[in-house]
1. From the list B:73, B:81, exactly one residue is under 30 Å from residue B:154 (Cβ atoms), assigned by TED's automatic domain parsing to the domain that holds residue B:139 and either touching a Phe, Trp or Tyr at 6+ places or on another chain (Cβ under 6 Å) or surrounded by 14 or more Cβ atoms within 10 Å (Cβ to Cβ) (or both). Which is it?
2. Counting only residues that are free of Cβ contacts under 8 Å to residues at least 12 places away in the same chain and surrounded by fewer than 24 Cβ atoms within 10 Å (Cβ to Cβ), which one in the stretch B:118-165 is nearest to the other protein chains (Cβ to nearest Cβ)?
3. Considering A:97, A:51, A:43, A:105, which residue is in a helix (DSSP H, G or I) and more than 21 Å from residue B:117 (Cα to Cα)?
4. Checking the structure you have, find out if any residue of the stretch B:181-200 is of a type in the set (D, E, K, R), without any contact (Cβ under 8 Å) to a residue 60 or more places away in the chain and within 13 Å of chain A (Cβ to nearest Cβ).
5. Could you figure out which of (1) under 20 Å from residue B:91 (Cα atoms); (2) modelled with pLDDT of 90 or more; (3) out of contact with any Lys or Arg (no Cβ under 8 Å at 6 or more places or on another chain) isn't true of residue B:183?
6. How many residues are surrounded by fewer than 18 Cβ atoms within 10 Å (Cβ to Cβ) and either touching a residue at least 40 places away in the same chain (Cβ under 8 Å) or more than 9 Å from chain B (Cβ to nearest Cβ) (or both) when one looks only at the stretch A:93-118?
7. Does residue A:134 fit the bill of being surrounded by fewer than 20 Cβ atoms within 10 Å (Cβ to Cβ), part of a helix (DSSP H, G or I) and within 9 Å of chain B (Cβ to nearest Cβ)?
8. Identify the residue in the stretch B:98-111 that is out of contact with any Pro (no Cβ under 9 Å at 6 or more places or on another chain) and closer than 20 Å to residue B:199 by Cα and, among all such residues, is modelled with the lowest pLDDT.
Amino acid sequence: MLPPETASAAVNYPAPRPRHLQADAIFKGLTVIGAIIVPVIMAGIVWELLAGSLPALQKFGVRFFFTEAWNPVTQNFGAASSIYGTIVSTAIAMMLAVPMSLVIALFLVELAPPWLSKVVGTMIELLAAIPSIIYGMWGLFIFAPFMSKYVQPFLGDTLGFLPLFQGPPLGIGMLTAGIILAFMILPFITAICRDVFALVPPVMKESGYGIGATTWEVTYKVTIPYGAVGVLGAVFLGLGRALGETMAVTFVIGNTHRISASFFAPGNSIASCLANEFAEATEPTYVSSLIALGLVLFVFTFVVQVVSQMLLRRMYRSWSLKI
Amino acid sequence: MIPRPYTGRRITNLLVNVISVTAAVMGILILIWITYMVIYRGLAAINLDFFTKLPTPPMMPGGGLANAILGTLVMTVLATLIAVPIGLLGGICLGEFGQQSRVAEVCRFAANVLIGMPSIIIGIFVYGLLVITMGNFSGWAGAVALAIIMLPVVARTTEDMLRMVPDPLRESALAMGAPRWKVTLSIVFRAAKSGIITGVLLGVARVSGETAPLLFTALNSPYMISSLSQPTPNLTVTIFNYAMSPYEDWQQLAWGASLLITVSVLALTLLARFTFGEQKR
C-alpha cells in the first residue's frame, strides 16, 4: 500500500514530458528514414537504367534485343548474343544444380546422422561464402584446363553426334561457365530445400514409412509434394543468382559476342559483357547500349526474385498455420 | 492393386542413396579443391614484399600489393560505416515500429529484392550516381557501391533478430517508464546483440570479396592511395586485371591476393557462425 502522500503526488505528477515524446518522435523518424532509403535506392536503380538505356533503345528499337551484332567501331549494337549466353549458361547451371541440391538436401535430412549432417551442411554452405572472383581464378587456371583435357574430349567422344558437344575442347566456354555457376548456386538451393524437408511434419513422413515405403519413396511422394512450393521458391532463388553472377562467368565464358550451337564454344553473358566493357566504353551509344543490357538483366532478375519471394512467403505462411 | 516387388524398390532406394552421398561428396570435394588450389598457388606469392611493396611493371621482380590491400581495407571500412548505422535504423523501423504497415511491407520487399540484385547492376547505378556527377572514378564511389550491397543485408538481419526478442521484455521496460528509443537501444538491442553482430559480419564478408561493383566505381590504380576522390587500388579488381594479363608474375600476385581474400572472407563467415552459434534455428 502506498502512503496517501505519495498517492496524491502521483496524481499531481505532470503528464509525460514533451521532451521525452520528442525524443521518441525523432528516433522513430530516423528509423523510418533508414528504412525508406532502401526502396529509394531501388527506384533510383530503375530510373537510372531506364534513362540510361533510352538513347540506345531509341536508336535501335526492338531490333536491339534480336540482333547479334556488337561492334563498337561502327556503333552497331544488339543484345541477342549476351541474352542467349545468359540464358544458356543459366540453363546448364540449373539442370545440374537443382537435382544435385535436392539429393544433397535428402542426404542432410534423411540419411546422414546429425553430426555428419551438420558438418556436411556447413561445408556446402561455405561454398556460398567463397567470393565470385575466387571461383573465377579457380575456373580459369584449374577447372578450364581440366575440362579441356578430360571432360570435353570425353563428352565429344560419347555425345559428339549432338551439335551441342561439337568443336574444339577449348576449356573455356558455355559449358564450363554453366558448371561453375552450378556449384555457386548449389548451396543456396540446398539450404532452402534442407529447411523445407526438415519442416515437413514428422507425422506425414512417419505415415509413409508406416505403410512400408522406402526413404526415397517417402521423399519423392510425401516430402517433395508437401514442400513443392518451397522447393520451387528455392529453384527461383538459385535462378536469380545464376542470371546475375558476374565475375566467375567473366573469367571462363570466353567473352565473344557470338551465338554458337555448341556448348564448347566461347560466348558471353550480359553480366560478363558489362564487366569487360563498361569501364572502357566512352561513346554515348556504346555506354547506353551497355546500360540497356543492364536493364534486361535487371528485368530478368527482378521477375525471378519477385516470384521466388512470393513462393517462399506463401510456403512459410501456410506452414506456420499448419504446424 | 498388385504391389511392386520389394527388391526392386529397395534397389531404387539404394541407388538414390548412393547418388545423394556422391552428390554431397562432390560438393565437399569442390570446396576442398578450390581452397587447396588457392592456398597452394597463393602461398607461393605471399612474402613480406607482398604486404609492403607497390606493384611493379610485369617481369620486374619484387612487387607487392600494399596499395590494393590498403585500398580494399579502407573501402570496406567506409562501406561498413555507411551501411551499418542506416541498416540498423532501417531494421529497427521494420522490426519494432511497422511490422504490419504498408510502408514497412514495401521496404521489406525492396530489401529482399536488393539482396538478390546482381552486384554489377549496383555498379552501374553508382557509376551514374557518383562517377558521372563527380567526373572521375573514385574510392568514395566504390565505398558507396559496397555500402548499398551491405545495407539490405544488415537491415533484414536486424529486423529478423529484433522480432525474435519476446514482447514481454519490451512491455516490462515500457511499464517502468522508459521511453521507446531507450527500450529499443538498451533493452531489445542487448537481447538481440549476437544475431545483429552476425548480420553485420556476414555483410562485411560479402562485400570484402565483391569485384563487380568496383569495376567501374573505384576502378583500380597501381599507385599508393593519395585521396579517395581518385581511382582507388583494391584487391579484387587487381586479381581480375592480373589474372587476365599474360604475365606469369602478375598471375602469381593474383593468386596471392586470392588467398588473402579467401582467408579473410572465410574467417569472417566462420566467425559470424561462431558468434551466433546454435541460436539460428
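The values are calculated or read from the model by the stated rules, or taken from the named source; none is laboratory data. All values derive from a computational prediction rather than experimental measurement. Heads up, the Cβs are rebuilt from the backbone with ideal geometry, glycines too, and the neighbour counts pull from every protein chain shown.
1. Values: B:81 fails: either touching a Phe, Trp or Tyr at 6+ places or on another chain (Cβ under 6 Å) or surrounded by 14 or more Cβ atoms within 10 Å (Cβ to Cβ) (or both).
Checking each option against the conditions leaves just B:73.
2. Selected residue: B:128.
3. A:105
4. Yes: the stretch B:181-200 contains one or more residues that are of a type in the set (D, E, K, R), without any contact (Cβ under 8 Å) to a residue 60 or more places away in the chain and within 13 Å of chain A (Cβ to nearest Cβ).
5. Result: residue B:183 passes all but (3).
6. So in the stretch A:93-118, the residues surrounded by fewer than 18 Cβ atoms within 10 Å (Cβ to Cβ) come out as A:95-96, A:99, A:111, A:113-116, A:118.
Cutting the leftovers down to either touching a residue at least 40 places away in the same chain (Cβ under 8 Å) or more than 9 Å from chain B (Cβ to nearest Cβ) (or both) gives us A:95-96, A:111, A:113-116, A:118.
Total satisfying the criteria: 8.
7. Working: surrounded by fewer than 20 Cβ atoms within 10 Å (Cβ to Cβ): no; part of a helix (DSSP H, G or I): yes; within 9 Å of chain B (Cβ to nearest Cβ): yes.
So residue A:134 fails the test.
8. The qualifying residue modelled with the lowest pLDDT is B:99.
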